[in-house]
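Everything below concerns the one structure shown next.
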Amino acid sequence: MELKIPNHVAIICDGNGRWAKERGLARTAGHKAGSEIFTTTIPEIFKMGVKIVSVFVFSRENFKRSKEEVNFLMDLFVKLFNTKLKKYKETDIKVVFSGTDKPLEDRVLKAMDKIVEETKDHTKHILNVCLNYSGDYEIVDAAKKFAQDYKAGKVNLDDLTTDSFYNYLYQPLDPIDLLIRTSGEYRLSNFMLYQLSYAEICFPKTYFPDFTKEEFIKCLEEYSKRDRRFGGIKDEDKSN
Ligand code: IPE
Ligand code: MG
């Protein structure tokens, strides 16, 4: 079967806690195992020709979790950006972030800035890390940015189109072609609501720490069979 390679893949990283529970481990062990995917599966996805990968690693709503779990995740992110993603320096992967700063701690923001700076000249691939991110906030923030530009006389109302709106989002990326949510949950959880308008969706049962290249290929096989019409109809059906 010939695999179609999507331009922009988005992944909702889910199931770390259940992965750990099934092994009699603490939830944190699941998060640690999940973080390995950034140096195993993610580079493989780029090698297969995908240009952009967006990953949902922490939502604004995740701050509702226990202090211990949130702190562990923040430590893990700092380590991930300072050490694991450093390997991206030798690749052509540019790291960008989507989300808001508050209430992230300075040490987390610093580690984020550093990896962005270290990879900013890379052009072939983009890893968009959604951290302290929520889709409805992103749309409201974009509307506010446009309103400010309008008020400042920089743009006219007619300059705002469904395409130009992308430039007001946290990152001006292409629309998403394929969304994968691991762990068998069937929800969007406030992830990239604008960019997902016409995405194909795949829900593998696999927990995120087990999301190997083989699991990704299974999603690609499913994606390749889909008939993407973007609201239109097939040419051969146009006569009736
Ligand atoms: C995803 O795994 C990681 C984050 C949301 C930070 P979960 O922590 O949601 O794992 P489950 O859903 O409890 O198994
Ligand atoms: Mg979950």
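The values are calculated or read from the model by the stated rules, or taken from the named source; none is laboratory data. In this text, all values refer to a predicted model and were calculated from it rather than measured experimentally. Please note: Cβ atoms are built from the backbone with ideal geometry, for glycine as well, and neighbour counts cover all protein chains shown. Accessible surface areas use protein heavy atoms only, side chains included; no ligands, DNA or RNA. Shrake-Rupley method; radii C 1.70, N 1.55, O 1.52, S 1.80 Å.
Taking the chain, the Cys residues with no second Cys beta-carbon under 4.7 angstrom are Cys13, Cys130. Here the dipole of the chain is about 640 debye; that uses its Cα centre as origin and unit charges on the Cβ of Lys and Arg (positive) and Asp and Glu (negative).
Remark: relative contact order (the chain) = 28 percent; criterion is Cα-Cα distance under 8 angstrom and separation of 6 or more residues.
Only Cα pairs under 8 Å and at least 6 apart count here; give the relative contact order of region 83-168 as a rounded whole percent.
33
Where only DSSP H runs of four or more residues are counted, the chain gives -10500 deg cm²/dmol as its mean residue ellipticity at 222 nm, each run worth -39500 (n - 2.57). Given +1 at the Cβ of Lys and Arg, -1 at the Cβ of Asp and Glu and no other charges, the dipole of region 21-95 around its Cα centre is 100 debye to the nearest 20. Pairwise over distinct Cα atoms, reciprocal of the mean inverse distance: report the Kirkwood radius of the chain in Å, one decimal place. After inverting the mean inverse Cα-Cα distance, the result is 19.1 Å.
Mind putting a number on the dipole of region 30-145 about its Cα centre? Charges go on the C-beta only, +1 for Lys and Arg and -1 for Asp and Glu, and I need it in Debye to the nearest 20.
140
Tell me, what are the semi-axes, in whole angstrom and largest first, of the equivalent ellipsoid of region 66-199 as set by the roots of 5 times the Cα gyration tensor eigenvalues?
Working through the eigenvalues yields semi-axes of 27, 19, 17 Å.
The solvent-accessible area of Arg18, taken with every protein chain present and a 1.4 Å probe, is close to 80 Å².
From the residues Ser66, Gly34, Gly24, which one has its Cα farthest along the dipole of region 1-139 in the positive direction, the dipole being from +1 and -1 charges on Cβ of Lys/Arg and Asp/Glu about the Cα centre? Checking the options against the dipole of region 1-139, the answer is Gly24. Over region 1-126, the reciprocal of the mean inverse Cα-Cα separation, the Kirkwood hydrodynamic radius, stands at 15.7 Å. Expressed in units of 2.2 N^0.38 Å, where N is the residue count, the Cα radius of gyration of region 1-44 is 1.48.
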